[in-house]
Structure formats: structure tokens, C-alpha cells
Amino acid sequence: MNKQDLRKLQIEKLKAFADKDEKKLEDQLLLENLMKTDLWKNSQSIGVTSSLPIEVDTSELIARLWEEGKDVYLARANDDLEHSQDFLQYTYQSHLGKSKFGVDEVIDKNAKINNQLDLVIVPGLAFDLGTHARLGFGGGYYDRFLAKYPTKTVALVNSQMAFERAAWKIENTDIPIDVIITPNKIID
């Protein structure tokens, strides 16, 4: 199946799953499993996105990072031809605005940019549990960022995002995720 068709199918599947109690339970288990890892314990600066309703909820994750005194940086898609992105420091005082994708981003002009992060929590629509390949939303923002700023990556993968084998073509430019966390296990 081509990536565009699979993206449409995954978005519909994730929309149907978004309001279910099972999703809320899985989101909680994913956070608990992440917090057990050395990646969590040994990382101080962490990049994350403000989640859309169809994605794994990152609001409690961000609150936990703040509680533990970690530095949180939210992804911001840049308005350029390269589809680049940066991570801007996100604190209780940060002002947020909606991106063209409907995602909350830091809009403070003086917000600190940090692209040399200890850990990036990478979103996506589908993940191959064997190869750690990821199917994103199609802009290439994360693959370009990780090619330019290699760092440790983790993905929080609920039951609707997990594939035993990729149902899409994996490109040379697709950067695999280091650690995949599912509700049931952590896959290095």
C-alpha cells in the first residue's frame, strides 16, 4: 500500500480510537513504561510535540517532565521550503499558538531554541515493531531534523499504531526510532 493511502486509513482508525476508554488506558500505560526507562531517567532536555486528539496524549507526559525538573522543548515547524523544525523551550509561562497543522507551538519570540536534545519523543501514525520504521504525517520534518541533529529517539505506540511488519515502503531517508514503547513492552 502506498504511504498516502495508508496515512488516510491510519488517521480514520486513530480518529475512531481517540475517544475510547481503551486509548486513555493505553496512553497511561505508555507514560508509565516510558518513565521506567533509562532514557527517561538519564535525559534532561527532552523534545516533544503537543499532541493532536488522534495521537498519544502528551499533556500528562509534559506535566511529569516539569515535575521532575526536566527541560521541555516543543517542536515547531518552520515556514521554509526545507520543511525544517526547531525545538523551543516550553515552560509554564510560555505562550502557545496553533500551527498550520493544528498543533500547539511556542510562539514566544525570545523562547530558547535547543536542537541538541538528550531525547526526542517522535510522533507518528504507524510503527514497524521489528525495524523501528515510522510512518509520519508526510512532511518529513522529523526525518530531516534527526538527520541533521542525531539524538536518542523514542516513540509511544498504542495498539492502533503498531505493525508487526511495515505495510508501507520504507525510504532511505526514513530514520528508524531507537526505542519503541507499547502498552505491553519496551522494544530496544
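A straight Cα-to-Cα reach below 20 Å connects Lys98 with the aspartates and glutamates Glu55, Asp57, Glu60, Asp79, Asp80, Asp86, Asp108, residues fewer than 8 places away in its own chain not being considered.
Using θ = phi - 60° in the Karplus curve 6.51 cos²θ - 1.76 cosθ + 1.60, the 3J(HN,Hα) couplings for the range 165-172 round to 9, 4, 9, 9, 6, 8, 8, 4 Hz; x is entered for Gly and Pro.
Distant-in-sequence amide contacts of Asp108, defined by a placed amide H-H separation under 5 Å and a gap of 5 or more residues or a different chain, comprise His95. Only helices enter the 222 nm calculation for the chain: every DSSP H run of n ≥ 4 contributes -39,500 (n - 2.57), and dividing by all residues gives -8000 deg cm²/dmol, rounded to 500. Residues whose amide H comes within less than 5 Å of that of Leu119, counting only those at least five positions distant or on another chain, are Ser45, Gly47 (H built at 1.01 Å from N in the peptide plane).
Remark: the range 39-50, residue by residue, has Karplus-estimated 3J(HN,Hα) of 4, 5, 5, 9, 9, 9, 9, 10, x, 8, 10, 6 Hz, where x stands for each Gly or Pro and the curve is 6.51 cos²θ - 1.76 cosθ + 1.60 at θ = phi - 60°. Length gained on full extension, Thr37 to Leu9: 6.9 nm, using 0.36 nm per residue less the C-alpha separation. Against the set (1) 0.96; (2) 1.00; (3) 0.93, the structure's computed Rg/Rh (Cα atoms, Kirkwood Rh) falls on (3). Taking each of Lys152/Lys185; Lys70/Lys112; Lys8/Lys169; Lys36/Lys70; Lys70/Lys100; Lys15/Lys148 in turn, the alpha-carbon distance tops 20 angstrom for Lys70/Lys100; Lys15/Lys148.
The protection proxy used here, the mean number of other Cβ atoms lying within 10 Å of each residue, ranks peptides 128-135, 18-25 as follows, highest first: 128-135, 18-25.
Values in this text are rule-based calculations from the coordinates and carry no lab data. On a predicted model such as this, the values are computed, not experimentally measured, just so you know. Heads up, the Cβs are rebuilt from the backbone with ideal geometry, glycines too, and the neighbour counts pull from every protein chain shown.
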